[in-house]
Amino acid sequence: MSVQVENLEKNMAKLTIEVPAEDFEKALQAAYMKNKSRFNVPGFRKGKVPRNLIEKMYGAGVFYEEAFNSVAPDAYDKAATESGLQIVSRPSISVVSMEAGQPVVFTAEVAVKPEVTLGEYKGLEVEKAKTRVTKEEVLAEIKKEQEKNATQVAVDRPIEKDDIAVIDFEGFVDGVAFDGGKGEGFPLTIGSGQFIPGFEDQLIGAKTGDDVEVNVTFPTPYQAKELEGKEAVFKVKVQEVKAKEYPELDDEFASEVSEFETLDAYKDDVKKMLSERKKAEAKRRKEDALVEKAVANAEMEIPAAMIQTQAENMMEDFRMRIQQQGMSVAQYMQFTGMNQARMMAEMSEQAKKRISTRLVLEAVAKAENITAGEEDIEKEIEEMAKAYNMEADRMRSYLGEMEKKQMSEDIAVQKAVDFLVKNCVEV
């Protein structure tokens, strides 16, 4: 096998790869052996037709495609390694020449990792975050816990905001009931936004036993395409009205919802938790802002094929995640009003941002001689082992050289982020 490398514009390259004739002949023979039983020729038992006769009857290239698909992947992998290029996309393959008894020649166009010209990345200005926790924020957090512990009691009065109305309902468009528009004994919290805009407001003032006619217009977009923008009438029967009763915010409440015996101690703990949360959020926002500025100040030309490959990988990751939740991509699109083209466009934008961020941080790490030491790698392995609830030695045994190399690069990138933070100016 031989390879020639031609550098193209916009960080693309073309590999011209030659597969020896003897390797292609072996692949042709293997394709014949695999498929010979598919051919029926008078005078020959099935699977006993000579290869040269099949090629004469069905064409010399009858086995070419399968043979090429057999030799090309390995030839490309070897050529990619031999080229010394940092390839960052899937190859676009084109056959140049393919004939029995002759070397097979094909080309593979690939994207190569672009060079980054760093701009300003040290001394970047970032707004100083406010992490002070107010009494109002502590109270709001405690009220969330109070909400969780609220009880529902039936009331004999008109419906008010935040009440739970237990309703039967059926929806009609142009006087005809539509699929999915009927329910019985549904507990609807008024003001929750569970139903179409305007629906819940029209129940305010109604009482148990009342029949209410609710007039709404379906929004655009809407998960059921046939209902988008349509005017609808819902016939609603109020079966029951319930109000929430909240526990008193006192020492007893604190002891029931926390490990503390007094409300003051509980408040102190909530304040500490909110402070830690704010600091973590502030740290993340600072990092994001600094990385965004460093990327904006840098120059690079990202090849479209690199973005496409990244976007396709992200799409595949997304597909696997929602499959684990029992949903297909098609169902997700139906529920969200998304389509394939729009989803890929959004993925491509995210891919471009992800790639540019990674490239700039790698360039910062290189410029500042930032690397991952053995201690860093060992620490990462221990944290991974802890996350997966296994022994560090066992986790270590799962990691090959490629995984350790990737881990080392990831650590260096995070250290580059830390470098930006350490060398920024808060204003």
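The values are calculated or read from the model by the stated rules, or taken from the named source; none is laboratory data. Model, not experiment: these values are computed from the prediction. In this analysis, Cβ positions are derived from the backbone assuming ideal geometry, glycine residues included, and neighbour counts consider all displayed protein chains. All accessible areas refer to the heavy atoms of the entire protein, side chains included, with ligands and DNA or RNA removed. Shrake-Rupley method; radii C 1.70, N 1.55, O 1.52, S 1.80 Å.
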Problem - Modelled FRET efficiency - R0 51 Å, K386 with N52, Cβ distances, 0.05 increments - result: 0.20
Practice task
Could you tell me which trypsin sites (Lys or Arg not before Pro) in region 332-409 are loop residues by DSSP with no more than 13 other beta carbons within 10 angstrom of their beta carbon?
Solution key: none
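Between rounded, prolate and oblate, where does region 155-199 land on the alpha carbon gyration tensor, with a ≥ b ≥ c its root eigenvalues, rounded for a/c under 1.5, else prolate if a/b exceeds b/c?
Prolate shape, in that a/c is at least 1.5 and a/b is the bigger ratio.
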Handout entry: Per-residue HN-Hα couplings for region 332-348 [Karplus 6.51, -1.76, 1.60; θ = phi - 60°; Hz; x = Gly/Pro]
Key = 4, 5, 5, 6, 9, x, 7, 10, 4, 5, 5, 5, 5, 5, 5, 4, 5
Fill in the blank from the handout: For region 37-131, listing GluC sites (Glu not before Pro) in a DSSP loop whose Cβ sees at most 11 other Cβ atoms within 10 Å gives E115, E120, E127
Completion exercise
For A232, the net charge from surrounding residues (Cβ-Cβ under 13 Å; K, R +1; D, E -1) works out to -4
Practice task
Taking the Cβ of L15 as the centre, find all other residues whose Cβ is under 12 Å away and add up their charges (Lys, Arg: +1; Asp, Glu: -1).
Solution key: -3
Fill in the blank from the handout: With the 8 Å Cα cutoff and a minimum separation of six or more residues, region 19-161 has a relative contact order in percent of 22
Problem - Folded to 0 to 90 degrees: helix 401-422 orientation relative to the chain principal axis, Cα - result: 50
Problem - Rounded to 10°, Cα long-axis angle of helix 304-324 versus longest principal axis of the chain - result: 50
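Got the relative contact order for the chain handy, in percent, Cα pairs under 8 Å and 6 or more residues apart?
17
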Practice task
Could you look at the chain and say what percent of its accessible area is carbon and sulfur, using a 1.4 Å probe and all protein chains?
Solution key: 47
Exercise for the section: Would you work out if region 39-133 is rounded, prolate or oblate? Take a ≥ b ≥ c from the square roots of the eigenvalues of the alpha-carbon gyration tensor; rounded if a/c is under 1.5, else prolate when a/b is larger than b/c, oblate otherwise. Expected result: prolate
Handout entry: Distance (nanometres) between label positions extended 7 Å along Cα→Cβ at E125 and N35
Key = 6.8
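About its Cα centre, what dipole magnitude does the chain give when the only charges are +1 on Lys and Arg Cβ and -1 on Asp and Glu Cβ, stated in debye to the nearest 20?
Dipole size: approximately 1860 debye.
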Practice task
Along Cα→Cβ, 7 Å out, is where each label goes; now give me the distance between the ones at R45 and E259 in nm to one decimal.
Solution key: 8.0
Problem - Mean separation of Cα contacts under 8 Å, 6 or more apart, over the residue count of region 106-221: relative contact order % - result: 20
Problem - Contour minus Cα-Cα distance for E409 and Q325 (0.36 nm per residue) - result: 27.1 nm
Completion exercise
Summing -39500 (n - 2.57) over every DSSP H run of at least 4 residues in the chain and dividing by its residue count gives a helix-only mean residue ellipticity at 222 nm, to the nearest 500 deg cm²/dmol, of -15500 deg cm²/dmol
Practice task
Skip the ligands, DNA and RNA, and give the accessible area per residue of region 281-366 with a 1.4 Å probe, whole Å².
Solution key: 60
Practice task
Calculate, in nm to one decimal, what K78 and T151 gain on full extension: separation in residues at 0.36 nm each, minus their alpha carbon distance.
Solution key: 19.5 nm
Completion exercise
Low-density loop chymotrypsin sites (Phe, Trp or Tyr not before Pro), region 1-58, at most 15 other Cβ within 10 Å, DSSP non-H/G/I/E/B, are F44
Exercise for the section: Report the FRET efficiency, 1/(1 + (r/R0)^6), for E184 and E252, where r is their Cβ-Cβ distance and R0 is 41 Å, rounded to 0.05. Expected result: 0.60
Exercise for the section: Place a +1 charge on the Cβ of each Lys and Arg in region 56-121 and a -1 charge on the Cβ of each Asp and Glu, then give the dipole magnitude about the Cα centre in debye, rounded to the nearest 20. Expected result: 160
Problem - Lys/Arg +1, Asp/Glu -1 at C-beta; the chain dipole; positive extreme among V96, A304, N339 - result: V96
Problem - Cα-based shape type of the chain, given that a ≥ b ≥ c are square roots of the gyration tensor eigenvalues and the cut on a/c is 1.5 - result: oblate
Practice task
Could you work out the local net charge near A27, counting Lys and Arg as +1, Asp and Glu as -1, over the other residues with Cβ closer than 12 Å to its Cβ?
Solution key: -4
Problem - Candidate residues M390, M306, M33: accessible-area rank, largest first, probe 1.4 Å - result: M33, M390, M306
Exercise for the section: Taking the Cα centre of region 136-262 as origin, sum charge times position over the Cβ atoms of Lys and Arg (+1) and Asp and Glu (-1), and report the length of that vector in debye to the nearest 20. Expected result: 760
Problem - Gained length - D268 relative to M338, 0.36 nm times residue gap less alpha-carbon distance - result: 20.7 nm
Problem - Approximate spin-label separation A243-E170, in nm, with each point projected 7 Å along Cα-to-Cβ - result: 3.3
Exercise for the section: Go ahead and collect, in residue order, the members of region 370-395 whose backbone nitrogen is under 14 Å from a label point 7 Å along the Cα-Cβ direction of R354. Expected result: none
Practice task
Compute the long axis of helix 263-297 from its Cα atoms, compare it with the longest principal axis of the Cα atoms of the chain, and write down the angle in degrees, 0 to 90, nearest 10.
Solution key: 40
